[in-house]
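Since the structure comes first, as structure tokens, the remarks are kept for the end.
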Amino acid sequence: MVKLPTTEEMERAYKTRDGSYDGIFFLAVRSTGIFCRPSCPARKPDPRNVQYYSNPRDAVFAGFRPCKRCHPMKALGTPPSWISDLLARVERDPSERYSDAFLRSMNVEPARVRRYFRKTYGMTFQAYCRGRRLGKALEQIRLGIDLDDVALGHGFDSHSGFRDAFVRTFGKPPGRSRNAECVVTAWIESPLGPLVVGATSRGICLLEFTDRRMLDTQFATLRRHFSCAIVPGENQHIKQLKKELDDYFNGSLRSFSVPLLYPGTSFQQLVWKELLKIPYGKTVSYENIARRIGSPAAQRAVGHANGLNRIAIVVPCHRVVNKNGELGGYGGGLWRKQKLLALERGQLST
Ligand SMILES: [Zn+2]
């Protein structure tokens, strides 16, 4: 579970509009029904009316709506500037030793960095740096760059240190990894909250809302299917998907063309392929899908496979509804299903 800072600390943070707490907690105001990020420029509420949440999902499910001034749904997707600066720095030089003293010299409080990384990326800051180092090393190895150069170029003191770290992360030594695959993951901001995306060199294999409770399971499944590590980063498929999602959310894209990978049982694959045939803006029932794949009695199994879809939005499981026209379930939250369908029907304001 994510631990919130103390109430005192959070109160001080929102009263002083301290942006360095953005993404760490959210405050909801009972008297107005709105929730905000700590740096919100709006008038500061009476602490007695304030309730604290560690993520936007919980605030939304407690009945609060996102503030129109500070857009708290974007808080996790748009890192606060102190984090962006740090991420950019790590990207430029992942081999730097980012000690506590070093972080302080950048005017960043180490404890806050730890909290942010654990919460947003589900790993420590050190693990993130190691992941980026190894991710970059793997790219170079696949390009055929000499192993000693790679080891020296990525901040490992010795070849064997590099080997050990590599084996811990990727499961096989670098010499045999020229064709090794890893799943690179990145965060994508969307009007419905941040998404986490995963891709191999062959295509997109994961797209989920980051607050979805299934995310851990999905990562474990990916690790099993691709038997490889999951490291932060970006590749050409992720870049393409980002662009396509932008166009989808502004209403100008109706079908995605980014390559997809969705390993699963043959039944699951049948269902997911059928989902891909549902036209933009249309809905079909679980029963209908069951009939289309030639298993009319398998409605429940269809519903289950639909729920296990790992590539939200692109494999449009949100277009499957109950026979009676009710929305049915949605792993990413019913309100998101509603919004996606409204967007596709041209009924979404904002
Ligand atoms: Zn606000």
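The values are calculated or read from the model by the stated rules, or taken from the named source; none is laboratory data. Because the structure is a prediction, the values reported are computed rather than measured. A quick note on method: Cβ atoms are made from the backbone with ideal geometry, for glycine too, and the neighbour counts reach across all protein chains shown. For the accessible areas, the whole protein counts, side chains as well, though only heavy atoms, and no ligand, DNA or RNA atoms are used. Shrake-Rupley method; radii C 1.70, N 1.55, O 1.52, S 1.80 Å.
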**Chain lengthening between THR124 and ALA342 when straightened (0.36 nm per residue, less Cα-Cα)** = 74.7 nm
**Extension gain, THR32 back to GLN269 (0.36 nm per residue minus Cα-Cα distance, nm)** = 80.7 nm
**Asked** Between THR7 and ARG223, what is the FRET efficiency for a Förster distance of 45 Å, r being their Cβ-Cβ separation, to the nearest 0.05?
**Response** 0.75
**Request:** Could you list the GluC sites (Glu not before Pro) in segment 249-350 that lie in coil according to DSSP, counting only those with at most 12 other Cβ atoms within 10 Å of their Cβ?
**Result:** GLU326
**Prompt:** Using a 1.4 Å probe, how large is the accessible area of THR16, given in Å² and rounded to the nearest 10?
**Reply:** 80 Å²
**Asked** Too long at a 25 Å Cα-Cα cut-off: which of LYS243/LYS282; LYS68/LYS277; LYS243/LYS273; LYS44/LYS339?
**Response** LYS68/LYS277; LYS44/LYS339
**Message:** What distance in nm separates the two pseudo spin-label positions at GLN51 and ILE188, each 7 Å out from Cα along the beta-carbon direction?
**Reply:** 3.2 nm
**Fill in**
Per its Cα gyration tensor (rounded if a/c is under 1.5, else prolate when a/b beats b/c, else oblate), segment 213-350 is best filed as oblate
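Quick check for you: with a 1.4 Å probe and neighbouring chains kept, what is the accessible area per residue of segment 271-329, in Å²?
On a per-residue basis, segment 271-329 sits at 44 Å².
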**Request:** State, to one decimal in nm, how far the label point of LYS15 lies from the label point of ASN250, with both points 7 Å from Cα in the Cβ direction.
**Result:** 4.3 nm
**Item:** Rounded Å value of the spacing that divides the Cα centres of segment 10-26 and segment 331-348
**Value:** 30 Å
**Request:** Could you please state how large a percent of the accessible area of segment 256-335 is carbon and sulfur, counting protein chains only and using a 1.4 Å probe?
**Result:** 53 percent
**Message:** Using only alpha-carbon positions, what ratio does the radius of gyration of segment 230-307 give when scaled by 2.2 N^0.38 Å?
**Reply:** 1.31
**Prompt:** How much solvent-accessible surface does SER201 expose, in Å² to the nearest 10, with a 1.4 Å probe and all protein chains in place?
**Reply:** 50 Å²
**Asked** Once fully extended, how much extra length lies between ARG97 and ASN322, figured as 0.36 nm per residue of separation less the alpha-carbon to alpha-carbon distance?
**Response** 75.6 nm
